[in-house]
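Reading through the structure tokens given below for one structure.
The values are calculated or read from the model by the stated rules, or taken from the named source; none is laboratory data. Predicted, not measured: the structure shown is a model, and the values here were computed from it. Ideal geometry is used to build each Cβ from the backbone, glycine not excepted, and the neighbour counts take in all protein chains shown.
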Amino acid sequence: MAGILDRIGATTTLMQLLLLAWLLSGQLLALAFAIPSIGETLTATVLIFVAMTFAGSGLVYLSLLPFEPETVGS
């Protein structure tokens, strides 16, 4: 499992937790939209919180990935 996480850049515990939060909130959003009864059961506040968690954890995860600037060939 560590090899898979290393390939996508999740080398620290913080990045693994952010990735887990992103994946779980994404799955909950997908279920809420795919299965109407789940979407109706959840309140708007919960759906907004899940959407914010999905967007926020994904953006923070991407910002923590190592960045290598492009080199312009001469």
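Annotations
- Taking residues in segment 26-51 that are on the phi < 0 side of the Ramachandran plot, and partners anywhere that are outside any helix (DSSP H, G or I), the pairs with Cβ atoms closer than 9 Å and at least 6 places apart or on different chains are Leu28/Leu42; Ala32/Leu42; Val50/Leu42.
- Screening Ala10 with (1) out of contact with any helix residue (DSSP H, G or I) (no Cβ under 8 Å at 6 or more places or on another chain); (2) among the small types (Gly, Ala, Ser); (3) surrounded by 12 or more Cβ atoms within 10 Å (Cβ to Cβ) gives one miss only, at (1).
- When segment 13-47 is filtered for residues that are of a type in the set (S, T, N, Q), surrounded by 11 or more Cβ atoms within 10 Å (Cβ to Cβ) and more than 11 Å from Tyr61 (Cβ to Cβ), the ones remaining, listed by number, are Ser25, Gln27.
- For segment 18-43, filtered to residues that are assigned to a helix (DSSP H, G or I) and of a type in the set (Val, Ile, Thr), the residue that is modelled with the highest pLDDT is Thr41.
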